[in-house]
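I have placed the structure first, in the form of structure tokens, so that the comments after it can refer back to it.
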Amino acid sequence: LAEAMALVFAVMFLFLQNVRYTLIPTIVVPVALLGTCGALLLAGFSINVLTMFGMVLAIGILVDDAIVVVENVERIMNEEGLPPKEATAKAMDQITGAIIGITLVLVAVFIPMAFFPGSVGVIYRQFAVSMATSIAFSALLALTLTPALCATFLKPVEKGHGHAKGGFFGWFNRRFAAGTGAYRSGVGAILRRPVRALLVYAALLAALGWGYLRMPSSFLPVEDQGYVIVDLQTPPESATGRTLDVVKRVEQHFAGEPGVDNQTLLLGYGFSGQGQNAALAFIGLKPWGERGPNDGAEAITARANAVLGGLPDAIAMSLAPPAIDALGNSSGFSFRLQDKGQQGYAALAAARDQLLAAASRSPILQGVYVEGLPTAPQVELLIDREKANALGVSFSDINDTLSTSLGSAYVNDFPNRARMQRVIVQAEADRRMKAEDLLDLNVRNAKGQMVPLQSFARLQWTMGPAQVVGFNGYPSIKFGGSAAPGYASGDAMAEMERLAAKLPAGFDFAWTGQSLQEKLSGSQAVYLLALSLFCVFLCLAALYESWSIPLAVLLVVPTGVVGAVFAMLARDMPNDVYFKVGLITVIGLTAKNAILIIEVAKDLVAQGRSVHEAALEACGLRFRPIVMTSFAFILGVVPLAIATGASMNSQRTIGTGVLGGMITATVLAVFATPLFYALIARAAGGRSARPAAEAARPRADAPGRGAPAA
């Protein structure tokens, strides 16, 4: 927040070149953010990564309205020599409509995000509330506090007075004036030859479609959360001592990592299940500032997997925690193989082995494993029912004896030294170490006599599943894994679906955890963008009572989207939830720049100018505030795009998309806006193609006035 504020202040001072002018938009920002915090409190949200992202993004937007007001007041004072109060009143008459239009568009573009369901909807909702409330407060302050500050805080200037005639500011003003002239010339050339510009626009749309389809998909970036997880599993017949030896080797490896702060290791429990051959470790890392560049969670995990993969008597894997708690056990995908044909455990195990073998050969996947205990030796107790009945032993008595001896049974409480203690019955440890110890147990029959178990039962060793897993009512096997370097989670999910399609008939798959949310977010993205654009269209249509102006604004939107897409491709970043939030932000800001030009052009046409003249003059009048507000926003998100430390991947994702989108929106939209406005205004009716005063005069060659009809 502080870095964004400093950069925005620097941009405003560069263009306004006066401390008083610069302080006014700067004062607006904390007031608007304070109002945003109050709205978040009323909505029941907290200060977290998502709401803070929204506030940092909003900083560049918050100063936009104030900059537009201050810049217009400064221009009128300079050109007409009016005192601050009168200049402010005139400036507000000119731009109040534009500020209202900008606010409606920016709020409308975020509103659909607040109504999406599921885990993705929770993320969207926090962005939507923080952004929409910030923008609403910004507009309120631009219509109240900012003009009041301009009228009282600014000093009168002489007509034609410039900020600086020499030095750096003088050089900057001359260069910017030359750039504005070149820009107007370029717009004039485009308006005279629109076909060429439309061909370039068509090529831009084709490039946008090509780039968007090439973007890999993902749900959320994998972040360094300050700890990693190690899931460990020894062979199924392993005793606890054997598992403990492997755990000590894992502990020894992480003790040598300079970025590790502490370790917590659990025996008998893991992601695969519970048993003497399972273990789980939580490796706590040092704070980000105390770790070196090669001691991030991703690097520590990679080094650990290289070592753990060489353990001869265990399967161990270091994993990053999931991006959202309770959505899976770790980062990566969560895949479920289902036996919908009811072919039995043997066929399901064969399909599991086939899928694992195919995944191990795929260059897109890495670390694919089964989240479950493997097939293990089991002791089957075969009971001769006839002998048991003859001896008066029931199955419930046999079950109670086994449960009490191998497990335990609570009997009662007894007082001991003023304390109540429990009486728990269980066989001694040395009497339940071997399978044969089962046959030495005695069962009480119906007459109260003790009958040896071996008199009517025998043992048999078999192999069977250590656990039976169901998913959506079908027998299933859980798979976990991740994408190989250079691939996104969406690529890995598509590869798993392709491999699963090659399995025998009767087997199907399903996604769960964050993989399911990724699927849902990807399928909903098109509807989200379409709904945002539709809301923008409806707001503009209601505001201007016209379909042509909203259409001209929406046609400019792809000029910003193309920059966001190719910026992500350049940094090899996926299309995830944060990118979609950034994309919606770019849509709103691109529309904002278009409204600033079209609002002025519309008023000039109403005053009697031709569409061509109005578009040219509107471009010249609005070029400086557009460039100033756009660069303020661009530099405001630079700290996100180059972030390091905690949540840096999320910050880089959202910052990169918005940064790239605003750069192209600033460079391309200022040319596309007058083009589409002129084309659509002419197509909407011939009256707008020539001055209103000229249209009102009767033509000399009109039929019935002495000239032949055409």
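The values are calculated or read from the model by the stated rules, or taken from the named source; none is laboratory data. Predicted model only: the values in this text are computed from it and were never measured. Glycine gets a Cβ as well: all are built from the backbone with ideal geometry, and neighbour counts include every protein chain shown. Only protein heavy atoms, including side chains, enter the accessible area calculation; ligands, DNA and RNA are left aside. Shrake-Rupley method; radii C 1.70, N 1.55, O 1.52, S 1.80 Å.
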The chain, relative contact order [Cα under 8 Å, separation at least 6], %: 18 percent
message: Cβ neighbours within 10 Å, averaged per peptide: list 277-285, 431-439, 64-72 in order, most packed at the top.
response: 64-72, 277-285, 431-439
- request: Quick one: which residues, 5 or more positions from G608 or on another chain, have an amide H under 5 Å from its amide H? H modelled 1.01 Å from N in the peptide plane, none for Pro or chain starts.
  value: A692
statement: With a Förster distance of 35 angstrom and the Cβ-Cβ distance between E386 and T264, calculated FRET efficiency to the nearest 0.05 equals 0.05
message: Given a 1.4 angstrom probe, what's the average accessible area per residue across the range 480-637, in square angstrom?
response: 33 Å²
- prompt: Using a probe of 1.4 angstrom, how much of the accessible area of the chain is carbon and sulfur, in percent?
  reply: 60 percent
query: Given only helices, namely DSSP H runs of n ≥ 4 each adding -39500 (n - 2.57), what is the per-residue ellipticity at 222 nm of the chain, to the nearest 500 deg cm²/dmol?
result: -20000 deg cm²/dmol
- request: Over the range 215-355, average the accessible area per residue using a 1.4 Å probe and give it in Å², no decimals.
  value: 44 Å²
- request: Putting +1 on Lys and Arg Cβ atoms and -1 on Asp and Glu Cβ atoms, find which of A178, A320, L267 reaches farthest to the positive end of the dipole of the chain.
  value: A178
- prompt: Just how large is the dipole of the range 555-675 about the Cα centre, in debye to the nearest 20, putting +1 at every Lys and Arg Cβ and -1 at every Asp and Glu Cβ?
  reply: 120 debye
- request: Using the Karplus curve 6.51 cos²θ - 1.76 cosθ + 1.60 with θ = phi - 60°, work out ³J(HN,Hα) for each residue of the range 219-229 in order, rounded to whole Hz, and write x for Gly and Pro.
  value: 9, 9, x, 7, 9, 7, 9, x, 7, 10, 10
task: Have a look at V246, G657, I300 and report the one farthest towards the positive end of the charge dipole of the chain, computed about the Cα centre with Cβ charges (Lys/Arg +1, Asp/Glu -1).
output: G657
- prompt: Roughly how many debye, to the nearest 20, is the charge dipole of the range 355-421 about its Cα centre, given +1 on each Lys and Arg Cβ, -1 on each Asp and Glu Cβ, and no other charges?
  reply: 280 debye
- request: Could you please report the charge total around L543, scoring K, R as +1 and D, E as -1 over all other residues with beta-carbon less than 12 angstrom from its beta-carbon?
  value: -1
- line: Interchain or sequence-distant (5+) residues whose placed amide H lies within less than 5 Å of the amide H of R444 are V451
- prompt: Quick one: accessible area per residue over the range 364-473, 1.4 Å probe, rounded to a whole number of Å²?
  reply: 68 Å²
statement: Once the in-chain neighbours fewer than 8 apart are removed, the lysines whose Cα is under 19 Å from K155 read K85, K90, K165
query: Of the cross-linked pairs K340/K478; K478/K502; K387/K447; K286/K580, which ones have a Cα-Cα span greater than 24 Å in the structure shown?
result: K286/K580
statement: Taking 153-159, 651-657 and ranking on average Cβ neighbours within 10 Å, highest first, one gets 651-657, 153-159
message: Ignoring solvent entirely, what values of log10 I(q)/I(0) come out of the Debye formula for the chain at 0.11 Å⁻¹ when each Cα is a single scatterer?
response: -1.15
- prompt: Going through the DSSP H helices of the chain, which span 27 Å or more along their own axis at the Cα atoms while scoring at least 1.6 as a mean Kyte-Doolittle hydropathy?
  reply: 19-43
field: Order of exposure, largest accessible area first, which applies to L191, L42 with probe 1.4 Å
entry: L42, L191
query: Got a sec to turn the phi values of the range 501-511 into Karplus ³J(HN,Hα) couplings, 6.51 cos²θ - 1.76 cosθ + 1.60 with θ = phi - 60°, whole Hz, x for Gly and Pro?
result: 5, 8, 6, x, 4, x, 9, 9, 9, 8, 10
Placed amide H near F471: partners under 5 Å, 5+ positions off or other chain: S476
